[in-house]
Amino acid sequence: MPLLTEESLRALRLPNGQRELQVTSGTVCSPSALDYLASRGIALVFSDKALRRAPGSAKPEHLTRLRGDELVPKNHPVIAFRGEMDALFAVLAEAGTVCALSAHKELCGELAEILEFTRAVLRSEVTGAAFTQAELLGRPLDEYRAISHNPQKHFGIDHPLPNLGMGAAALRLNTIRTQVRRTELAAARAFLGDGEPLREDIILALNRLSSVVYVLLCRELA
């Protein structure tokens, strides 16, 4: 949850004569911040918009860019989501490189395609465009969900649990799966408002991606 302090307000260098300051919904204001605003006759306006940097002023180190000139605290939920996406890129690239050096050439190609899928998810968030990709690895995303719920039927194995005998490829797939889940939870924190989800397309895409990786894991173990 964003926190607004007197220090952060001073760092914004608000121009004289400003009568309103927009902050994101859910922002917590310290007592000293409220006193500072009151002393300058500035009213807080809560909305889904972010703080904007005053023209010509330096960016405070505790803030980061959300879009354009919109600045938010570095612990903003959307920034946290982007951080989890970055971690997902890292584990996918590492796993794909290791597979390329081993006998798992097919899996290497699949991980490369999944990496492009995740990059497309992040692009849609940053640009605000809808995420519409409905297939991955030659199969509709919704099919993976059904397959992942019944590995016994499709692969002849029970739901797997991580263990030391899984093998390197399976362990890396499980690591990717857990990072996808972490990223999905970060998306839920960032985009689930009080009413309808703000980016249901992104949350759904990550949920289906978790099923995709789980299916690859089950296939590897089978």
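The values are calculated or read from the model by the stated rules, or taken from the named source; none is laboratory data. The shown structure was predicted, so the numbers you read here are calculated from the model rather than taken from an experiment. Heads up, the Cβs are rebuilt from the backbone with ideal geometry, glycines too, and the neighbour counts pull from every protein chain shown.
Annotations for the structure displayed:
- Among the residues making up the range 70-98, those that are under 14 Å from Leu115 (Cα atoms) and in contact with a Cys (Cβ under 9 Å, 6 or more places away or on another chain) are Ala95, Gly96, Thr97.
- From the list Ala146, Ala187, Ala130, the one residue that fits, being assigned to a helix (DSSP H, G or I), out of contact with any His (no Cβ under 6 Å at 6 or more places or on another chain) and more than 23 Å from Leu107 (Cβ to Cβ), is Ala187.
- Enumeration of residues in the range 154-174 that are in contact with a helix residue (DSSP H, G or I) (Cβ under 8 Å, 6 or more places away or on another chain) and surrounded by fewer than 17 Cβ atoms within 10 Å (Cβ to Cβ): His154, Ile157, Asp158, His159, Pro162, Gly167, Ala168
- Single unsatisfied condition, Asp86 versus (1) at pLDDT below 80; (2) under 23 Å from the mean Cα position of the chain (by Cα); (3) surrounded by fewer than 19 Cβ atoms within 10 Å (Cβ to Cβ): (1)
- All conditions but one from (1) without any contact (Cβ under 8 Å) to a residue 60 or more places away in the chain; (2) assigned to a helix (DSSP H, G or I); (3) surrounded by 14 or more Cβ atoms within 10 Å (Cβ to Cβ); (4) not charged (D, E, K, R) apply to Val78; the one that does not is (1).
- Among the candidates Arg139, Arg145, the residue that is surrounded by fewer than 20 Cβ atoms within 10 Å (Cβ to Cβ), in contact (Cβ under 8 Å) with a residue 60 or more places away in the chain, within 17 Å of Leu204 (Cα to Cα) and not assigned by TED's automatic domain parsing to the domain that holds Arg67 is uniquely Arg145.
- Among the candidates Arg181, Arg172, the residue that is within 15 Å of Gly96 (Cβ to Cβ) and within 21 Å of the chain's Cα centre (by Cα) is uniquely Arg172.
- Within the range 131-146, the only residue that satisfies the criterion of being among the hydroxyl-bearing types (Ser, Thr, Tyr) and out of contact with any Lys or Arg (no Cβ under 7 Å at 6 or more places or on another chain) is Thr132.
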